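Visitor: The structure's right below; bear with me while I get my questions together.
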Amino acid sequence: MDTAREKVAEDNNNNDHSVLRNDGWKITVGKTTYSILIVDDEVGIRDFLERSLQKTYNHVAVASSAEEAEKLRQQHHFDLFIVDICLPGCSGVDWLKSLVEQGWQSDVIFMTAFADVDKAIDALRLGASDFILKPFRLEQMISTVKRCVEKRRLMRENFVLQRRIDNLYSPEGMIGQSTLFLELFQMISRIAPTPSVVLIEGETGTGKELVASAIHKESGRMGPFVPVNCGAISAELIESELFGHLKGAFTGAQKARDGLFFYADGGTLFLDEISEMPLLMQAKLLRVLEEKSIRPVGSEREISVDVRIVAATNRSLEQAKDEGLFREDLFYRLNVVKLAIPPLRDRREDIIPLVQHFSKMLARQLGMQAIPFDQADWLELEAHSWPGNVRELKNLVERCLLLGMFPKDILKSENDQLDSNLGYPAHWNLETIERDHIEKVLALTGGNKTQAAEKLGVSRKTLTRKFQFWQELEGKGFKGV
């Protein structure tokens with residue numbers, strides 16, 4: 001009987017682009033990373049299905065009995081089992097029953113040459129995906145396998161989408177036009193297509209998850225983007241959350257469960273607040289990064305995963321390393337490419353386009369009309385220090401929409417307090433000060449430009465020309481004052 005390990009050696013003269021992994025699996029570039037185990041005592045059926053399915057799927061193994069299949073199952077992870085019901089020794093249905101009792105989670109297609117209705121019902125009750133009578137057409141089997149593959153894909157995507165609903169924060173795209181923002185976006189475009197680990201550092205609310213999501217979208221990876229906050233999971237549960245566990249692996253483990261690495265296979269796993277990960281778990285994460293495989297809690301077998309890691313922190317990992325709170329070896333493994341997200345106070349040119357974006361998005365979500373912001377509002381927004389960064393700005397816009405106006409003195413800017421002797425923030429340029437003063441004088445005259453021009457000591461024509469100039473700039477996309 002040929003095993004999966006023996007089979008990988010027989011195709012060495014083929015021209016396919018393939019590599020041999022340490023665990024004996026042969027990986028062919030361009031094929032689907034979906035593992036299948038065929039269990040049948042008829043060698044002809046085994047070889048026929050193996051050759052046919054290997055054209056599409058990377059991992060295909062065969063066994064002649066339930067006992068032999070169980071040995072392979074304990075050594076490797078399989079997404080699908082194709083099993084003959086009538087096997088020597090333990091029957092296919094009895095084997096499936098024992099797996100279900102252990103909390104096993106995979107798809108199974110049963111085959112049989114005998115149309116036994118009772119056995120078919122038993123198999124379907126145990127969770128079998130389908131029941132195929134022999135002899136069957138190859139197209140029938142391939143179609144059934146494809147349905148299982150699609151169901152598995154949808155299950156993963158549904159899990160990821162459901163998980164993200166509760167943590168939805170990011171806007172529809174990255175918004176900004178400042179030099180610092182454009183430099184950040186250029187770096188994202190450069191590193192995204194690579195498989196390298198990325199470390200994102202930035203203050204709370206700067207949009208680290210949004211940057212990580214942009215890296216994933218630009219990477220071209222076909223799998224999902226799976227975010228997880230390491231600081232929000234207890235030290236006792238984080239290993240199970242990431243790697244999964246078997247039934248009975250610990251108190252409360254009523255059934256087996258796949259981990260986030262499993263759901264992120266082929267995609268990107270975003271480890272937010274990586275600095276909060278316990279030291280023991282840091283060592284296990286380092287091993288996963290090196291070996292490209294995980295071991296569910298309570299299991300003795302490794303599961304290979306193709307996951308790109310993007311980590312983020314709002315504190316200095318290097319400082320945490322120096323303080324003994326973060327493993328030095330993991331720090332150097334994560335610090336391959338580091339992206340520093342600038343705080344909002346360092347890119348004030350992005351405030352106006354962000355407010356405009358949030359106003360449209362939140363007004364649509366809340367079913368409200370967007371409110372207008374006048375020049376004084378923009379100046380106050382730009383003068384604020386934004387300790388909560390983009391998240392604080394988004395919350396402020398939502399509050400304004402709910403109130404139906406921009407409340408005066410809603411922001412207590414540190415800059416305004418420090419520069420109270422000047423009457424305006426010290427970082428304003430002369431053009432900003434001039435426009436602010438003209439706006440205030442015009443407001444005092446009730447919008448009468450002739451009276452405002454007299455108070456300002458300029459002609460009405462000059463005043464009109466300045467307003468036209470500012471409007472032209474804004475019409476061309478100039479944001480700010």
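Throughout, read-outs are computed from the coordinates displayed, never taken from laboratory work. As the structure is a prediction and not an experimental result, all values here were calculated from the model. So basically every Cβ, Gly included, is an ideal-geometry build from the backbone, and we count neighbours across all protein chains shown.
Visitor: Whose amide H sits under 5 Å from the amide H of ILE82, counting only residues 5 or more places off or on another chain, with H placed in the peptide plane?
Guide: Answer set, sorted by chain and number: LEU37, ILE38, VAL39, ILE109.
Visitor: Give a residue-ordered list of calculated ³J(HN,Hα) values for region 441-454 (Karplus: 6.51 cos²θ - 1.76 cosθ + 1.60, θ = phi - 60°; whole Hz; x for Gly, Pro).
Guide: Each residue's phi maps through the Karplus curve to give 5, 5, 5, 5, 8, x, x, 7, 5, 5, 5, 5, 5, 5 Hz.
Visitor: Packing-wise, with mean Cβ within 10 Å as the measure, how do 276-282, 133-139, 314-320 rank, highest first?
Guide: Working: 276-282: 17.1, 133-139: 10.6, 314-320: 15.6.
Highest-to-lowest ranking by the protection proxy: 276-282, 314-320, 133-139.
Visitor: For GLN254 and ALA370, compute 0.36 nm times the residue count separating them, minus their Cα-Cα distance, and round to one decimal in nm. Could the numbers behind the result be given before it?
Guide: Values: separation 116, 0.36 × 116 = 41.76 nm, distance 4.95 nm.
Here the segment from GLN254 to ALA370 would lengthen by 36.8 nm.
Visitor: Once you've got the Cα coordinates, tell me which of LYS55/LYS146; LYS208/LYS394; LYS151/LYS284; LYS360/LYS394; LYS284/LYS321 are over 20 Å apart.
Guide: Values: LYS55/LYS146 13 Å; LYS208/LYS394 15 Å; LYS151/LYS284 31 Å; LYS360/LYS394 11 Å; LYS284/LYS321 17 Å.
Beyond 20 Å: LYS151/LYS284.
Visitor: Starting at the first residue of region 48-59, write each ³J(HN,Hα) from the Karplus equation 6.51 cos²θ - 1.76 cosθ + 1.60 with θ = phi - 60°, in whole Hz, x for Gly and Pro.
Guide: Taking θ as phi minus 60°, the curve returns 4, 5, 4, 5, 5, 7, 5, 5, 10, 10, 5, 9 Hz for region 48-59.
Visitor: Now for a separate question. Would you kindly state how much longer the chain becomes between ARG399 and GLU323 on full extension, computed as 0.36 nm times their sequence separation minus their alpha carbon distance, in nm to one decimal? Don't jump to the answer; show the numbers that get you there.
Guide: Values: separation 76, 0.36 × 76 = 27.36 nm, distance 4.02 nm.
Result for the pair: 23.3 nm of gain on full extension.
Visitor: May I pose another question? What length, rounded to one decimal in nm, is gained on full extension from ASN335 through to LYS455, with 0.36 nm per residue of separation minus their alpha-carbon distance? Numbers along the way, then the final one.
Guide: Values: separation 120, 0.36 × 120 = 43.20 nm, distance 5.98 nm.
Separation in residues times 0.36 nm, less the Cα-Cα distance, equals 37.2 nm.
Visitor: Going by how many other Cβ atoms sit within 10 Å of their own, how do TRP95, TRP470 line up, fewest first? All intermediate terms of the calculation are to be shown ahead of the outcome.
Guide: Numbers: TRP95 23, TRP470 17.
Fewest-to-most Cβ neighbours within 10 Å comes out as TRP470, TRP95.
Visitor: While we're on this one: Suppose each label sits 7 Å from its Cα in the direction of the beta carbon; what would the GLU101-PHE136 distance come out to in nanometres?
Guide: 2.6
Visitor: Between ARG348 and ARG301, what FRET efficiency comes out of the Förster formula 1/(1 + (r/R0)^6) with R0 = 45 Å and r the beta carbon distance, rounded to 0.05? Let's see the in-between values first.
Guide: Numbers: r = 54 Å, r/R0 = 1.20.
Result of the calculation: an efficiency of 0.25.
Visitor: Moving on to the next point. Tally Lys/Arg at +1 and Asp/Glu at -1 over every other residue whose Cβ is under 10 Å from the Cβ of ALA312; what's the total?
Guide: Working: positive: LYS208; negative: GLU201, GLU209, ASP272, GLU273.
Counting the neighbours of ALA312, the net charge comes to -3.
Visitor: When a footprinting reagent is the concern and you count Cβ atoms within 10 Å, what order do LYS455, LYS461 take, fewest first?
Guide: On the way: LYS455 13, LYS461 10.
Going from sparsest to densest Cβ surroundings: LYS461, LYS455.
Visitor: Shifting gears a bit: Give me a comma-separated list of calculated 3J(HN,Hα) values for region 292-309, in order, Karplus coefficients 6.51, -1.76, 1.60 applied at θ = phi - 60°, integers in Hz, x for any Gly or Pro.
Guide: Running phi through 6.51 cos²θ - 1.76 cosθ + 1.60 with θ = phi - 60° gives 6, 8, 10, 10, x, 4, x, 9, 9, 10, 9, 10, 5, 9, 10, 10, 8, 9 Hz.
Visitor: Further question on the same structure: What spacing in nm lies between the two simple spin-label points modelled at LYS440 and GLN471, each 7 Å away from Cα in the Cβ direction?
Guide: 2.5
Visitor: Can you compute the modelled spin-label distance between GLU431 and LEU154, with each label point 7 Å from Cα toward Cβ, in nm?
Guide: 5.6
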